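Below you'll find the structure, written out as structure tokens, and then a few comments.
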Amino acid sequence: MLLDAPTLQAIAAGSIDVVFRCWKRPTVRSGGTLRTPIGLLDIVEVRAIDPVEVHDADARRAGFADAAAVRSFLAGAGCGSPDHGGDPARRAHRIVVRLGGEDPRLALQDDTHLDAESLEAVRRRLERWDRAAADGPWTLATLRTIERRPAVRAADLAAELGRERLPFKADVRRLKGLGLTISLEVGYRLSPRGAAVLAALEDRPAS
């Protein structure tokens, strides 16, 4: 579930705690969490609804002026009446969210304490990803490229590595999940942990 910056800021401020979406299948579940730029969101409840159930107070909890605005939004996303262009395979959903806590990756990014056990765990994970990749090993090449070219567009980095942009970005997100990379407004950079891991794997001093 993608949330734009204004919505995330409103959730952080406490003025929004409900989100409406039109889905064939929910992309989040009740009791789960969602990583966002403002931290972890707790997914309190996900429930399929009929748009006519929405009332004005609930609409305002989602940042809309009134229930009619929510129904218009859902109809535009394909959850309107089938007689008016709605997709019968898609259903409106009401999601209750709350700000959970700091993304654990943020603390991990600054953790440069790499004993033999933790470094070996990272090495094994990277090697497993490399073995599973249809196009061959990619992890160290990606880390080296980001180290050498921070704040460069993902499309340019992918082209340098001979890769498509979207699969490349998905792989960088996997590295971010290990606390090795940091997303910038444009491009990426290695986290302190990423720089330490790459240096250790290459048996050279960290820069």
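The values are calculated or read from the model by the stated rules, or taken from the named source; none is laboratory data. Quantities reported herein were computed from a predicted structural model and do not represent experimental measurements. Every residue, glycine as well, gets a Cβ built from its backbone with ideal geometry; the counts of neighbours run over all protein chains shown. In case anyone asks, the SASA skips ligands and DNA or RNA and just uses the protein heavy atoms, side chains included. Shrake-Rupley method; radii C 1.70, N 1.55, O 1.52, S 1.80 Å.
Cβ-Cβ distances below 7 Å connect the following pairs, each with a first residue in region 1-26 that is modelled with pLDDT under 90 and surrounded by 10 or more Cβ atoms within 10 Å (Cβ to Cβ), a second residue that is part of a loop (DSSP other than H, G, I, E, B) and of a type in the set (Ser, Thr, Tyr), and a separation of six or more residues or different chains: MET1/THR27. Taken over region 155-207, the residue count meeting the criterion of being touching a Gly at 6+ places or on another chain (Cβ under 9 Å), hydrophobic (A, V, I, L, M, F, W, C) and more than 24 Å from HIS113 (Cβ to Cβ) is 1. Filtering region 131-170 to residues that are part of a helix (DSSP H, G or I), touching a Ser or Thr at 6+ places or on another chain (Cβ under 9 Å) and open to solvent by 30 Å² or more (accessible area, probe 1.4 Å) leaves GLU147, GLU160. I need the full set of residues from region 44-72 which are part of a helix (DSSP H, G or I), farther than 12 Å from VAL96 by Cβ and either open to solvent by 70 Å² or more (accessible area, probe 1.4 Å) or not small (Gly, Ala, Ser) (or both), in order please. Selection gives PRO51, VAL52, GLU53, ASP56, ARG60, VAL70, ARG71, SER72. Here is the figure for region 14-43: residues that are within 27 Å of ARG173 (Cα to Cα), out of contact with any Lys or Arg (no Cβ under 7 Å at 6 or more places or on another chain) and not in a strand (DSSP E or B) total 10.
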